[in-house]
Each structure stands twice: as structure tokens, then as C-alpha cells.
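The values are calculated or read from the model by the stated rules, or taken from the named source; none is laboratory data. These figures come from a predicted structure and were not determined experimentally. FYI the Cβ positions are ideal-geometry reconstructions off the backbone, even for glycines, and counts take in every protein chain you see. Just the protein is used for accessible areas: all its heavy atoms, side chains included, with ligands, DNA and RNA removed. Shrake-Rupley method; radii C 1.70, N 1.55, O 1.52, S 1.80 Å.
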Amino acid sequence: MKTQVKTYEMFINGKFVQAKNGGMREIVDPANGEPLALAPEAGRADMKLAILAARAAFDKGPWRKTTAQDRGKFLFKIGDLIRANAKALAELEVRNMGKPLVEAEYDVADAANCFEFYGGLATKIHGETMSVPANSMSFVLREPIGVCGQIIPWNYPLLMSAWKLAPALAAGCTAILKPSELTPLTALALARLIHEAGLPPGVVNIVAGPGAGAGEELAESPLVDKVAFTGGTLTGRKIAIAAAGNLKKVTLELGGKNPNIVFADADFEAAVDGALFAAFANQGEVCSAGSRLLIEKSIHKKFVDTMLKKISRIKLGHGLSAGVKMGPLVSAAHRDKVEGYIKAGIREGAKLVCGGGRPKGAEFARGFFVEPTIFDDVKPTMRIAREEIFGPVLSVIPFKNEAEAIHIANDSEYGLAAGVWTLNVNKGIRVLKELRAGITWLNTYHPTFNEMPWGGYKQSGNGRELGLYGIQSYLETKQVNINLDETPLAWY
Ligand code: NAD
């Protein structure tokens with residue numbers, strides 16, 4: 001599992017460069033704490049250069065005049081290159097972020113598919129026409145919004161890069177992407193593929209650096225027209241405030257504390273599997289994780305007992321080791337935060353029924369592992385029921401009837417995702433309609449498609465990514481009115 005420490009460069013104005021002040025960050029493998037890579041640590045000066053490059057590429061460069069067909073071809077080429085490099089990208093994602101290989105492979109395929117979806121959509125950006133009143137004709141032109149700052153978190157580094165870049169490029173925008181300082185490697189590897197695809201300089205810039213300085217510059221800069229952010233709700237608020245300086249357009253994909261509701265008439269085995277997958281996929285480091293499991297009282301005990309029997313199947317280890325289903329958390333600091341929530345759950349009187357600590361054994365000693373953890377009899381008022389933990393900690397909350405389930409589910413400042421399990425389809429749809437969440441599932445949890453909109457209600461965000469909706473936030477709308485009558489107006 002040992003790997004050579006490689007030095008990465010970022011991508012500004014078509015060139016691979018280091019930070020101006022020589023700043024570097026050591027990236028470690030979270031499964032064993034071993035040095036993995038050195039990545040540039042950009043500051044405001046580097047970000048300013050990237051913004052200027054994206055500005056010039058938009059205002060004076062060839063990108064805006066590149067036809068939609070050709071933009072689409074570039075996107076297909078990037079998709080092809082991702083597929084051709086899928087193995088290396090998936091392994092790099094595992095080493096940098098910690099997720100199991102099977103999940104990283106899925107992310108890589110999904111990232112390629114995202115570029116392909118928007119490659120196809122590039123030629124389908126159409127406006128409406130109107131021909132009333134009789135002596136006029138009006139139509140709508142859709143135009144690229146301009147220079148886009150794109151800031152992403154550490155849990156799906158390559159996939160989030162695709163979600164951000166693909167619609168922006170399809171729309172004809174130029175972009176500066178800032179990956180998380182913890183997980184910049186696959187975004188920097190993607191920069192190499194984008195270069196190979198032959199995009200003109202400055203159209204895509206990928207700048208590795210922290211939120212303080214580099215990220216703030218991107219959010220504040222008056223030269224940026226739009227900022228698309230995925231990350232925590234607190235950071236999202238700061239971005240919205242920073243972006244207000246020039247009233248740039250803002251889209252936000254933020255946190256969640258998502259309810260997964262199991263009714264007594266659900267398919268029991270499917271719901272047990274679904275509940276575990278909802279909570280523990282990607283170590284629970286998923287904005288849409290089903291981290292609040294609401295179970296109808298009549299099956300509550302049996303359901304928890306069955307989950308406990310199955311939980312030993314979640315094999316922990318390095319994501320590249322065979323059979324591993326759960327990797328380490330992304331960093332020691334994040335592990336400490338998750339452990340803080342586990343202590344808070346115990347303090348507040350929730351019943352810890354499994355996990356709660358670090359796994360024992362030499363192979364875990366230097367990684368940032370936390371066991372899959374379940375708290376039972378959680379009260380909706382407890383912190384572990386209200387705050388996003390973003391780790392492998394599931395809070396089980398029993399409920400007595402449909403109305404109470406809906407009430408508990410909606411009693412949250414968040415509204416990102418929600419799941420419902422019942423074989424009564426009428427009830428399932430009735431409950432889904434009541435839930436204040438942007439992504440919902442009936443008798444499944446987590447599947448989502450590049451073709452469908454992604455985003456949250458309430459404090460889980462603002463706007464939608466993906467699908468036909470996702471491209472809208474990268475487009476301006478221009479009204480064009482044409483007079484068909486030569487008669488002078490004679491107003492005065
Ligand atoms: P974070 O908010 O700490 O950081 C996200 C990004 O913002 C990073 O690139 C970081 O460097 C940058 N950043 C931090 N402060 C900044 C500032 N003041 N100005 C500009 N940039 C700044 O989030 P994280 O810990 O990387 O990721 C976890 C969070 O992301 C969770 O809350 C999770 O729910 C959320 N998330 C949401 C979605 C979604 O689609 N809704 C998807 C994935 C993750």
C-alpha cells in the first residue's frame with residue numbers, strides 16, 4: 001500500500017504551476033497517515049491570476065465564440081479521458097479521501113457520465129419566441145453568465161468537480177475550480193485531462209488552496225460573475241455574504257440531517273439494508289446521508305436488532321484492500337469532531353447500541369477510523385438528532401404514526417434529502433409530498449442521476465445542480481424585441 005510522494009501542480013491559464021509564494025501542503029493517506037503527495041497551497045495572489053485568466057478567456061478568448069457543438073465535443077472528450085484513466089483516478093481518490101474503491105469507481109464513472117450528459121445538453125440551450133402583439137416578435141436568448149467561481153468539499157472531489165465544471169462549460173462560461181485543501185489530487189489530475197482535451201487557456205483553472213485566502217478571494221472578487229459552492233452551511237453563509245459585494249449570482253449546496261422513515265409495512269429486509277447503506281456509505285461523509293432513522297414503534301426493536309446483526313458485515317480498512325466497505329474519515333480533525341458528537345450523544349442520554357470508538361488492531365492504529373455507530377432511543381431535541389455529524393453515526397428515533405413521522409422529519413433547519421420505506425404506495429407518496437426536502441426516495445436510498453436536479457430546501461441550499469435545471473444557473477436570459485411595423489411611433 002506504500003506509495004511514492006508525488007508533487008502536484010495547479011492549472012492556471014493553460015499552464016501547470018506552483019503557488020507564487022512556494023506554499024505547499026502535505027497530503028496524507030487518511031487510512032495510515034502516510035505522506036501521499038505535495039499539493040500547491042494557493043493564496044489570494046494565485047487566485048487573482050486564475051480569475052484574470054478566466055475573465056480574459058471569457059471576454060476576449062475564443063470560448064464564447066466556440067459553437068455549442070464544439071463545446072459539446074470538448075465535454076465528450078473529457079468524459080472519454082476520464083474513462084480511459086478510470087483506474088488511476090479511482091485509486092487516487094481512495095488514497096486521498098479514504099473511501100472504499102468500489103465507491104470511488106462508481107464516482108469516476110458518474111463523473112464521466114456528467115461530462116457526457118452536459119456535452120449533449122450544450123446544443124439544447126434554447127429560448128422561447130412570442131409573436132403577440134401582431135406587429136412584433138420577441139424571443140429569448142440564453143447566454144453564458146460569465147466567469148464562474150466553483151468551490152467544492154472533500155467528500156466527492158472528482159465527482160463534485162464534474163458537477164461544477166460540466167454545466168458551466170456547456171453553457172459557455174469560463175471557470176475557476178477550487179477543490180478542498182484536504183483532497184485536491186483528483187481535481188488536479190482532472191486538470192491534466194482537460195489540458196489534453198485541448199480547451200483554450202484560461203477556460204478552466206483549477207487552483208488548490210484553503211478557504212481562507214484563496215477561497216475568500218474567489219467568493220469576493222468583483223471580476224467573478226457567479227459562485228457555485230458546495231460545502232457546510234456555515235461556510236455557505238460566509239460565501240453568500242462575500243458574494244454580495246458585486247451581487248454575483250450564488251448557488252449553494254449545503255449540509256443535511258436527513259430523515260429516513262421506515263413504516264411497519266415496509267419490506268423489512270430491504271429497509272434494513274437501505275437504512276445501513278443510507279447511513280454508512282462513504283463513511284457517512286455524505287450530505288444526503290440518512291443519518292436520522294425514524295422507525296415505527298411496532299417494528300422498532302426488531303429492526304434495530306436486525307441492523308446490529310448485519311453491521312459486522314461492514315468491513316473497515318484501507319479502501320484499496322479487498323472487501324473493505326468503510327474507510328477512514330478524511331482527517332484526524334474530522335475524526336475528533338465526529339467523536340465529539342458521539343460523546344455528546346452519550347452525555348445527552350441516547351442509547352449507544354454499537355460502535356462509538358476507534359476499531360482495534362494494528363492496521364487501524366495510524367488511520368482516522370471510527371466504527372459504524374448506532375444510537376437508539378434518540379430524542380429529536382438531542383444534538384445528534386439535529387446537527388450534521390458527517391460521519392458514521394446513525395441516530396434512531398422511534399415514532400408512533402404517520403403524522404408524528406412527518407413532524408419529526410420536517411423538524412430540522414435542513415431540507416436536503418429524505419427517504420420513505422412502505423409497501424403502501426399511496427402512503428409513501430403522501431408522505432413524500434409532505435417532506436420539506438429537495439431529494440427524496442421511496443423504498444430506496446442514495447441513487448441519484450446526473451439527469452435529475454440536486455439541491456436542498458431550507459438551509460440545505462439555494463438553487464439546483466444537475467439535470468436540465470443545473471445548466472440554468474450558468475445562463476443569463478436576454479429579451480429581444482423586434483418591431484415588424486415601419487410606421488413611426490408618433491408618440492410626441
Ligand atoms: P467546508 O464548508 O468546510 O468547505 C468547503 C469548501 O469551501 C472547501 O473547498 C473550503 O476550502 C472552502 N472554504 C472554506 N471556507 C471558505 C471561505 N470563507 N470562503 C471561500 N471558501 C471557503 O465543507 P467541507 O468540510 O469541505 O465539506 C463538508 C460539508 O459539505 C458538509 O456540510 C456537507 O453536507 C457539505 N456537502 C454538501 C453537498 C450537497 O450537495 N448539498 C455535497 C457534499 C458536501
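Taking the residues in the range 214-226 that are touching a residue at least 40 places away in the same chain (Cβ under 8 Å) and more than 9 Å from the ligand (Cβ to nearest atom) as candidates, determine which candidate is farthest from Phe58 (Cα to Cα).
Going through the range 214-226, the residues touching a residue at least 40 places away in the same chain (Cβ under 8 Å) turn out to be 214-219, 221, 223-226.
Restricting the remaining residues to those that are more than 9 Å from the ligand (Cβ to nearest atom) gives 221, 223-226.
Values: Ser221: 16, Leu223: 11, Val224: 11, Asp225: 11, Lys226: 13 Å.
The qualifying residue farthest from Phe58 (Cα to Cα) is Ser221.
Report, ordered by the first and then the second residue, all pairs with beta carbons closer than 7 Å, sequence separation of six or more or different chains, a first member in the range 397-410 that is in contact (Cβ under 8 Å) with a residue 60 or more places away in the chain, and a second member that is of a type outside the set (D, E, K, R) and open to solvent by 30 Å² or more (accessible area, probe 1.4 Å).
Qualifying pairs under 7 Å: Ile397/Pro380; Ile408/Pro380.
Check whether at least one residue in the range 479-488 is more than 13 Å from the chain's Cα centre (by Cα) and surrounded by 21 or more Cβ atoms within 10 Å (Cβ to Cβ), and report yes or no. Reasoning before the result, please.
First pass over the range 479-488, keeping only residues more than 13 Å from the chain's Cα centre (by Cα): 479-488.
Within this subset, residues satisfying the condition of being surrounded by 21 or more Cβ atoms within 10 Å (Cβ to Cβ) are none.
Looking through the range 479-488, none of the residues is more than 13 Å from the chain's Cα centre (by Cα) and surrounded by 21 or more Cβ atoms within 10 Å (Cβ to Cβ).
What is the one condition in (1) within 13 Å of the ligand (Cβ to nearest atom); (2) β-branched (Val, Ile, Thr); (3) in a helix (DSSP H, G or I); (4) surrounded by 19 or more Cβ atoms within 10 Å (Cβ to Cβ) that Ile241 does not satisfy?
Unmet for Ile241, out of (1) within 13 Å of the ligand (Cβ to nearest atom); (2) β-branched (Val, Ile, Thr); (3) in a helix (DSSP H, G or I); (4) surrounded by 19 or more Cβ atoms within 10 Å (Cβ to Cβ): (4).
Which of the residues belonging to the range 65-94 are under 19 Å from Val108 (Cα atoms), touching a residue at least 60 places away in the same chain (Cβ under 8 Å) and buried (at least 16 other Cβ atoms within 10 Å of the Cβ)? So that I can check it myself, show each step before the final result.
Here is the first cut: in the range 65-94, the ones under 19 Å from Val108 (Cα atoms) are 74-94.
With the extra rule that they be touching a residue at least 60 places away in the same chain (Cβ under 8 Å), the set shrinks to 74-75, 77-78, 81-82, 85, 88-89, 91-94.
Matches in the range 65-94: Phe74, Leu75, Lys77, Ile78, Leu81, Ile82, Asn85, Leu89, Glu91, Leu92, Glu93, Val94.
Tell me which residues, restricted to the range 249-295, are assigned to a loop (DSSP other than H, G, I, E, B) and within 12 Å of the ligand (Cβ to nearest atom).
Residues of the range 249-295 assigned to a loop (DSSP other than H, G, I, E, B): 254-258, 263-267, 285-291.
Scanning the range 249-295 gives Leu254, Gly255, Gly256, Lys257, Asn258, Glu285, Val286, Cys287, Ser288, Ala289, Ser291.
For (1) open to solvent by 30 Å² or more (accessible area, probe 1.4 Å); (2) at pLDDT 95 or above; (3) of a type in the set (Gly, Ala, Ser); (4) in contact with a strand residue (DSSP E or B) (Cβ under 9 Å, 6 or more places away or on another chain), each residue gets a yes or a no:
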{"position": "Leu276", "(1), (2), (3), (4)": "no, yes, no, yes"}
{"position": "Phe280", "(1), (2), (3), (4)": "no, yes, no, yes"}
{"position": "Ser288", "(1), (2), (3), (4)": "no, yes, yes, yes"}
{"position": "Leu294", "(1), (2), (3), (4)": "no, yes, no, yes"}
{"position": "Lys302", "(1), (2), (3), (4)": "yes, yes, no, no"}
{"position": "His318", "(1), (2), (3), (4)": "no, yes, no, no"}
{"position": "Gly323", "(1), (2), (3), (4)": "yes, yes, yes, no"}
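For the range 108-121, how many residues meet the condition of being free of Cβ contacts under 8 Å to residues at least 60 places away in the same chain and either at positive phi or open to solvent by 10 Å² or more (accessible area, probe 1.4 Å) (or both)?
3
Within the group Glu128, Glu105, Glu26, which residue is among the charged types (D, E, K, R) and either in contact with a Leu (Cβ under 7 Å, 6 or more places away or on another chain) or closer than 26 Å to Pro210 by Cβ (or both)? Show your work before the answer.
Details: Glu128 fails: either in contact with a Leu (Cβ under 7 Å, 6 or more places away or on another chain) or closer than 26 Å to Pro210 by Cβ (or both); Glu105 fails: either in contact with a Leu (Cβ under 7 Å, 6 or more places away or on another chain) or closer than 26 Å to Pro210 by Cβ (or both).
So the residue among Glu128, Glu105, Glu26 that is among the charged types (D, E, K, R) and either in contact with a Leu (Cβ under 7 Å, 6 or more places away or on another chain) or closer than 26 Å to Pro210 by Cβ (or both) is Glu26.
Given the options Gly198, Gly202, name the one that is more than 15 Å from the ligand (Cβ to nearest atom), more than 18 Å from the chain's Cα centre (by Cα) and buried (at least 17 other Cβ atoms within 10 Å of the Cβ).
On the way: Gly198 fails: buried (at least 17 other Cβ atoms within 10 Å of the Cβ).
From the options Gly198, Gly202, the qualifying one is Gly202.
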